[in-house]
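This report refers to the structure that appears directly beneath it.
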Amino acid sequence: MTALQADAAERAESTVAVRGHSVRLLSAGAGHPVLYLHSAGDLGAWTPALSALAGGYRVLRPDLPGFNFSQRRDDVRSVHDLAYRTWDLIDALGLDTVRVIGSSLGGWLAADLATVEPARVSHLVLAGAAGLRPPGGFGVDVFVLSPAQMVAKIYHRPEIRAKAAAQAAERQADPELQLLQLRNRAAAARLAWNPYFHDPGLADRLHRVRARTLAIWGEQDQLMPLECGRMYARLIPGARLEAIAECGHLPQAEATARFCDLVMAFLGT
């Protein structure tokens, strides 16, 4: 059983038609809608953090165009393009105002979404979000790392890193998951290779954000340094930064309980 099959009992899976293109959507829970936008390395599984959030909200997790099982769109050449296509998805789902959570690449997209339609995002959670270039640049280029090297850069805690390394080794033995990884890598390169994981114009648009905003960062994030979180907190009016000690790039995976406590308290405001 693959990781994608193991979570099948916990959520519903559907396909949404968005202006002639298909989007794979996972969903669970009831209540106010929460849109979760995934990272570049996410292989489409429903995670424990999403299950916890679905205890209080209707959680919607689409595969972004070109990633996992969603159709690629040739008209999406940047994250800013993707923001408009994501609003098309939100419209297709019949949603007016949404709470948005974004991780890494998905955090960049979430921030951009909130600059395009400021009145329609009530709450914005940025988890290790890309999109801004820290002073001195990025110390890691994910496009040159092997899967094992990626694990070492993403996770900080030894026990979490060891578990993730074992899972990465299992994926390398599965041809289906290898192809999925290659597809996602190509989609990420199309959006974030040059400029590397940032938009030079995003900083000048963030003043448009009207959503209540919480940035959650691992203090030991090697891919998107903590300074990126500080930049988001400075540039978005009223934004707050929560740094999690002994945590790397994916707080929702490495510090799940703390992440979910922060998010659930924040979304309830």
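Rounded to a whole number of µm²/s, how large is the Stokes-Einstein D of the stretch 156-268 at 25 °C and 0.890 mPa s, given Rh as the Kirkwood radius over C-alpha pairs?
151
Neighbouring Cβ atoms within 10 Å as the yardstick, rank 269, 47, 213 fewest first.
269, 47, 213
To make sure I understand, if each residue's beta carbon is the centre and we count other beta carbons within 10 Å, what order do 108, 87 fall in, fewest to most?
Going from sparsest to densest Cβ surroundings: 87, 108.
Check residue 101: other-chain or 5+ apart residues with amide H under 5 Å from its amide H, H built from backbone geometry?
35, 36, 37, 125
Roughly what percent of Cα-Cα pairs across the stretch 30-97 reach past 15 Å?
57
What span do the alpha-carbon atoms of the chain cover on each of the three principal axes, reported in whole Å from largest to smallest?
The Cα atoms of the chain stretch 46, 42, 36 Å along their principal axes.
Sorting 67, 266 on the 10 Å Cβ count, fewest up front, what's the list?
Ranked by crowding around the Cβ, least crowded first: 266, 67.
No lab work stands behind these numbers, since they all come straight from the coordinates. As the structure is a computational prediction, the values presented were derived from the model and not from experiment. Note that each Cβ is placed from the backbone with ideal geometry, even for glycine, and that neighbours are counted across all protein chains shown.
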